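Notes for the one structure printed next.
The values are calculated or read from the model by the stated rules, or taken from the named source; none is laboratory data. Given the structure is predicted, the values throughout are model-derived calculations rather than measurements. Methodologically, a virtual Cβ is constructed for each residue, glycine included, from the backbone with ideal geometry; neighbour enumeration extends over all protein chains shown.
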Amino acid sequence: MKKTWIIVLAVLALLVFSGIGSYNSLVGLNENVDGKWSQVETQLQRRADLIPNLVATVKGYAAQEKDILNNIADARSRLMGAQGAADKAAANDALSSSLSRLLVVVENYPNLKSDANFRQLQDELAGTENRLAVSRKDYNDAVQVYNARIKTFPNVIWSNMMGFGPREYFKAESGAKEVPKVDFDK
């Protein structure tokens, strides 16, 4: 009888320690995902902060392109007000689309391309886009590790009991699979 109690207590202790270890591991992974998402938001904020300067520089050269500039301002506002990964991804898509149209405007104004302020802002924006791509990848990598951990045994038991659910990936914009057209004849 005494051996049975020792075995029962050992099994209970094993379960408790397993639960504590799983919980601590999941909390750490969850915090890592939150930290990576914070980096994505930081780069989105950096991008949003650069855009008014870029738009102001372009306005000096392309006053008649007000619709494109207004669309960029609206898309930036939507990005700043977006909540959650899905909303931010959609707002980011709209901003990327507007910026693409701005680049077409730049092609129509050769003097703008040679302006030092514009070039500096364009370089800053390109750097930010690269940082944003790295931040998105890091976030998605962290989400993948976290989601895999909460779905594997025995963590699946603990994650369900402790309220750890799957996290959303930051998805590519809808037109990202289309090959851009480059025309050097213009």
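Could you list all residues from the range 132-160 that are within 15 Å of Asn30 (Cα to Cα) and of a type in the set (D, E, K, R)?
The initial filter retains those residues of the range 132-160 that are within 15 Å of Asn30 (Cα to Cα), namely 138-151, 155-156, 158-160.
Selection gives Asp138, Asp141, Arg149, Lys151.
Among the residues of the range 85-106, which ones are touching a residue at least 24 places away in the same chain (Cβ under 8 Å) and within 21 Å of Asp67 (Cβ to Cβ)?
In the first step, residues of the range 85-106 are kept if they are touching a residue at least 24 places away in the same chain (Cβ under 8 Å); the result is 85-86, 88-89, 92-93, 95-99, 101-102, 105-106.
Result: Asn92, Asp93, Leu95, Ser96, Ser97, Ser98, Leu99, Arg101, Leu102, Val105, Val106.
Does the range 15-22 contain any residue that is closer than 30 Å to Lys137 by Cβ, assigned to a helix (DSSP H, G or I), free of Cβ contacts under 8 Å to residues at least 24 places away in the same chain and out of contact with any Leu (no Cβ under 8 Å at 6 or more places or on another chain)? Lay out the reasoning, then the answer.
So in the range 15-22, the residues closer than 30 Å to Lys137 by Cβ come out as 21-22.
Next, from what is left, pick out any that are assigned to a helix (DSSP H, G or I): 21-22.
Add one more test, that the residue is free of Cβ contacts under 8 Å to residues at least 24 places away in the same chain, and what stays is 21.
Checking which are out of contact with any Leu (no Cβ under 8 Å at 6 or more places or on another chain) leaves us with 21.
Yes, the range 15-22 contains a residue that is closer than 30 Å to Lys137 by Cβ, assigned to a helix (DSSP H, G or I), free of Cβ contacts under 8 Å to residues at least 24 places away in the same chain and out of contact with any Leu (no Cβ under 8 Å at 6 or more places or on another chain).
With Ala62, Ala82 as the choices, which residue is at pLDDT below 80 and either out of contact with any Gly (no Cβ under 7 Å at 6 or more places or on another chain) or surrounded by fewer than 17 Cβ atoms within 10 Å (Cβ to Cβ) (or both)? Even if it seems obvious, please write down each step before you answer.
On the way: Ala82 fails: at pLDDT below 80.
Within the list Ala62, Ala82, the selection yields Ala62.
Within the range 122-172, restricting attention to residues that are touching a Lys or Arg at 6+ places or on another chain (Cβ under 7 Å), among the aromatic types (Phe, Trp, Tyr) and at pLDDT 85 or above, which residue is nearest to Leu102 (Cα to Cα)?
Filtering first and then ranking leaves Tyr139.
Picking from Ala94, Ala85, which residue would you name as being under 30 Å from Ala148 (Cβ atoms) and in a helix (DSSP H, G or I)? Steps first, answer last, please.
On the way: Ala94 fails: under 30 Å from Ala148 (Cβ atoms).
On inspection, the qualifying residue turns out to be Ala85.
Can you tell me how many residues in the range 146-156 are free of Cβ contacts under 8 Å to residues at least 12 places away in the same chain and more than 25 Å from Ala89 (Cα to Cα)? Give the derivation first.
Quick first cut of the range 146-156, residues free of Cβ contacts under 8 Å to residues at least 12 places away in the same chain only: 148, 152-153, 156.
Next cut, more than 25 Å from Ala89 (Cα to Cα) only: 152-153, 156.
The total comes to 3.
If the Cβ limit is 9 Å and pairs must be 6+ apart or interchain, which residue in the range 40-56 that is on the phi < 0 side of the Ramachandran plot pairs with which residue that is acidic (Asp, Glu)?
Matching pairs, first to second residue: Val40/Asp138; Gln43/Glu129; Arg46/Glu124; Arg47/Glu129; Leu50/Glu124; Asn53/Glu124; Leu54/Glu124.
Which residues, counting only those in the range 131-157, are polar (S, T, N, Q) and exposed (fewer than 14 other Cβ atoms within 10 Å of the Cβ)? Steps first, answer last, please.
Step one: list which residues in the range 131-157 are polar (S, T, N, Q), which gives 135, 140, 144, 147, 152, 155.
The answer is Gln144, Thr152.
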